[in-house]
Amino acid sequence: MSRTILAVGTALLLVAAHATIAQAVEQVNSIPGSALASAEVVPQPLYAASTTLDRIGRIVAPVMIDGQGPFRFIVDTGANQSVLTTGLATRLGLTQSPQRTLTLNGVTGSTLVATVNVTTFSTGDLVQQSLTLPLLDNVMGGADGILGVYGFEGQRITVNFDKDSIRIARSHNEPAPSGFYTVQARLRFGRLIVIDGRVGGIPVKAVIDTGAQRTLGNVALRAALQKRRRVHGAMEATTVIGLSDHEQAADYMTTPTIHLGAVSITDVDAIYGDIDVFRLWNLQDRPAMLIGMDVLGTLSTLVIDYRRKELQILP
């Protein structure tokens, strides 16, 4: 059987700025019109939607732009710079810069996008000024944009999926609260969160990417798992669709236990292939994995402390 994955986080590279961005476009299951009248209206989480059997979670932050807002931005730890939707730029009266475009290289291809200039951009304790931001037609779940991690040095993100809350504040070097697990990390390219983990006993570089819906593995990891006979069950052919509808072939399969420090993650159906994002991050030649919201959204609380270079996790 072959399935098409439309909802894989799209990692982008700003060629002009030598930075990385990750974007995710959500696959929405619509309710038939005849069922709308009888369907119960259930309030949806505003900021921290957890991952369940029937949906992939997301993390959203309130963002103010040029004194207007708040607007809903997807928090993307794989994104080096923030992105606006063209619709939001129009609502704000921002004029596209015809002399300034950027080439965005995604999971499976690239596209040329326009940019706009904003005077102030703020969320929580993070305040930025005089930014040139790229535009995309849409992002996950109809949000207004993507909140990248430019400027997050010394910041601390606390996401509570149980209480539907997010807090972005300056880190005061706080250790993990009682009951939390601490997972040490390194910052690649200055802000990309990379953890030394193990998958089926194989050492891996694991990237924490809240902008990706699905967990991805590279070809080197798949080959190592197959060599050690860590793959059980048949692999399923998959087509990964990224920016501009470019496609890449991949395999969809159940993954052995993922260990990130003292945290063990089981029953993950990951997508493996020669996916461009690993080349963009120079992780194509060693076993590597991108941990997406299908895993992160199952936590109770996730803390990312950029000053301490660590995750603090409450399962």
Check: From THR158, THR103, THR95, THR86, which residue is among the hydroxyl-bearing types (Ser, Thr, Tyr) and closer than 22 Å to ILE193 by Cβ?
Finding: THR158
Next item on the list: Could you identify the single residue in ILE265, ILE241, ILE258 that is crowded, with 22+ Cβ neighbours inside 10 Å, within 20 Å of the chain's Cα centre (by Cα) and in contact (Cβ under 8 Å) with a residue 12 or more places away in the chain?
Entry: ILE258
Checklist line | Residue among THR85, THR52 that is in contact with a Gly (Cβ under 6 Å, 6 or more places away or on another chain) and modelled with pLDDT of 50 or more | finding: THR85
Check: Is it fair to say PHE161 is open to solvent by less than 10 Å² (accessible area, probe 1.4 Å), in contact with a strand residue (DSSP E or B) (Cβ under 9 Å, 6 or more places away or on another chain), among the aromatic types (Phe, Trp, Tyr) and in contact (Cβ under 8 Å) with a residue 60 or more places away in the chain?
Finding: no
Next item on the list: Look at the range 287-299 and say how many of its residues are open to solvent by less than 10 Å² (accessible area, probe 1.4 Å) and more than 25 Å from PRO45 (Cβ to Cβ).
Entry: 2
Item checked: The lone exception for MET253 - which of (1) assigned to a loop (DSSP other than H, G, I, E, B); (2) more than 15 Å from the chain's Cα centre (by Cα); (3) of a type in the set (A, V, I, L, M, F, W, C) it fails -> (1)
Check: Considering only residues of the range 188-197 that are closer than 12 Å to LEU311 by Cβ and within 18 Å of the chain's Cα centre (by Cα), which is surrounded by the fewest Cβ atoms within 10 Å (Cβ to Cβ)?
Finding: VAL194
Margin query: Within the range 273-286, does at least one residue satisfy the condition of being in a strand (DSSP E or B) and open to solvent by less than 10 Å² (accessible area, probe 1.4 Å)?
Written below: no
Checklist line | Number of the condition not met by PRO175 [criteria: (1) out of contact with any Leu (no Cβ under 9 Å at 6 or more places or on another chain); (2) within 24 Å of VAL63 (Cα to Cα); (3) not acidic (Asp, Glu)] | finding: (2)
Notebook entry, point to check: For the range 142-207, which strands (runs of 3 or more DSSP E) that fit wholly inside it have 2 or more residues that are of a type in the set (Ser, Thr, Tyr)?
Noted result: 181-184
Check: What's the number of the condition LEU280 fails, among (1) under 30 Å from GLU153 (Cβ atoms); (2) in contact with an Asp or Glu (Cβ under 6 Å, 6 or more places away or on another chain)?
Finding: (2)
Margin query: Would you confirm, using the coordinates I've provided, whether LEU216 is open to solvent by 30 Å² or more (accessible area, probe 1.4 Å) and modelled with pLDDT of 90 or more?
Written below: no
Next item on the list: State the number of residues belonging to the range 108-136 that are open to solvent by 30 Å² or more (accessible area, probe 1.4 Å), modelled with pLDDT under 90 and closer than 28 Å to ARG55 by Cβ.
Entry: 1
Checklist line | Positions within the range 48-68 being in contact with a Leu (Cβ under 9 Å, 6 or more places away or on another chain) and either farther than 16 Å from VAL116 by Cα or open to solvent by less than 10 Å² (accessible area, probe 1.4 Å) (or both), in sequence order | finding: ALA48, SER50, THR51, GLY57, ILE59, VAL60, ALA61, PRO62, VAL63, ILE65
Notebook entry, point to check: Inside the range 172-186, can you point out the residues that are open to solvent by 70 Å² or more (accessible area, probe 1.4 Å) and within 22 Å of the chain's Cα centre (by Cα)?
Noted result: TYR181, GLN184, ARG186
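The values are calculated or read from the model by the stated rules, or taken from the named source; none is laboratory data. Bear in mind the structure is a predicted one, so any value in this text is a computation, not a measurement. Note: ideal-geometry Cβ built from the backbone for every residue, glycine included; neighbour counts use all protein chains shown. Side chains are part of the model used for accessible areas, which takes the heavy atoms of the whole protein and leaves out ligands, DNA and RNA. Shrake-Rupley method; radii C 1.70, N 1.55, O 1.52, S 1.80 Å.
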